[in-house]
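Visitor: Next up is a structure, given as structure tokens.
Throughout, read-outs are computed from the coordinates displayed, never taken from laboratory work. It should be emphasised that the depicted structure is a prediction, and the values quoted were computed from it without experimental measurement. Counting neighbours? That spans all protein chains shown, and the Cβs are built from the backbone with ideal geometry, glycine included.
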Amino acid sequence: MSRKGNCLDNSPMENFFGILKQEIYYGNKFYSYEYLKQTIEDFIKYYNEERIKEKLGYLSPVEYREKNVA
């Protein structure tokens, strides 16, 4: 939970939701809540397990975490 009056606390989530909307929401029509929910769940799995990030040395977040825990 971010502190009152400190928008920087929420910056990572704002960034994630911006990417989510850009990649799956804009330009698509979701005719049911279940389809929207499943699409978001699939995107979160993709974002964490498959989508590589330059900042993480071209690894996915899960790969980066596993590499640095050992």
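Visitor: Quote the relative contact order of the chain in percent (integer), defining contacts as alpha-carbon pairs under 8 Å separated by 6+ residues. Could the numbers behind the result be given before it?
Guide: Values: 31 pairs, mean separation 10.9, N = 70.
That works out to 16 percent.
Visitor: Also, quick follow-up: Pick from F16, F43, F30 the residue whose mean-square fluctuation is largest in a GNM of the chain, springs joining Cα atoms under 10 Å.
Guide: F30
Visitor: Quick one: compute the contact order of segment 30-70, relative version, from alpha carbon pairs under 8 angstrom and 6+ residues apart, as a percent. Walk me through the intermediate numbers first.
Guide: On the way: 23 pairs, mean separation 9.8, N = 41.
So the answer I get is 24 percent.
Visitor: With a cut-off of 20 Å, note down the residues of segment 36-51 whose backbone N falls inside the zone around a label point 7 Å from the Cα of E66 toward its beta carbon.
Guide: 42-51
Visitor: Please work out the FRET efficiency for the pair L8 and K53, using the Cβ-Cβ distance as r and a Förster radius of 25 Å; give the result to the nearest 0.05. List each step's numbers first, then the result.
Guide: Numbers: r = 20 Å, r/R0 = 0.81.
Calculated value: 0.80.
Visitor: Shifting gears a bit: Assign one of three labels to the chain, namely rounded, prolate or oblate, based on the Cα gyration tensor with a ≥ b ≥ c the square roots of its eigenvalues; rounded applies when a/c is under 1.5, prolate when it is not and a/b is larger than b/c, and oblate otherwise. Write out the running numbers ahead of the final one.
Guide: Details: a/c = 2.20, a/b = 1.21, b/c = 1.81.
It comes out oblate by the Cα gyration axes.
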